[in-house]
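Written below as structure tokens is the structure these notes are about.
Every number here is computed from the coordinates shown, using simple stated rules; none is lab data. For clarity, every value in this text was computed on a predicted model and none was experimentally measured. Positions of Cβ are generated from backbone atoms using ideal geometry, with glycine treated the same way; all protein chains shown enter the neighbour counts.
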Amino acid sequence: MSTSIKLARFLLHLGVCGQKTERGARIHCSFTQEEIGLFIGACQETVTMTLSDFESLGLLQQDGSTFVIPSLRALEIYAGQVDYGRRPDGNV
């Protein structure tokens, strides 16, 4: 599994518990990028580059240790974790 998929799934795990805002799921990540790398089996530099890639793709907004995931659904699709039985509003 690629680092980007692992990181997307890690963020999804955090995002489920995130504060819902009009901008998306807002999460405060108390982990350093090095610690995130340890969780997903990647070096800190790769985590940094992948987070930047996610920002470029519109999957993530980052401000220090605060992340906003504009669309959990889009990140689920990217991570290959789509539940096709669930409607886009999250209901079954």
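Over segment 45-85, the alpha carbon radius of gyration divided by the compact-protein estimate 2.2 N^0.38 Å works out to 1.24. Applying 0.36 nm per residue to the separation of residue 1 and residue 16 and subtracting their alpha-carbon distance, the gain on full extension is 3.3 nm.
Spacing of the modelled spin labels on residue 28 and residue 53, each 7 Å from Cα toward Cβ, amounts to 3.0 nm.
Relative to the dominant Cα principal axis of the chain, helix 3-16 is inclined by about 60°. Calculation over all alpha carbon pairs of the chain in 5 angstrom steps from 0 returns a P(r) of 3, 14, 25, 28, 18, 7, 4, 1 percent.
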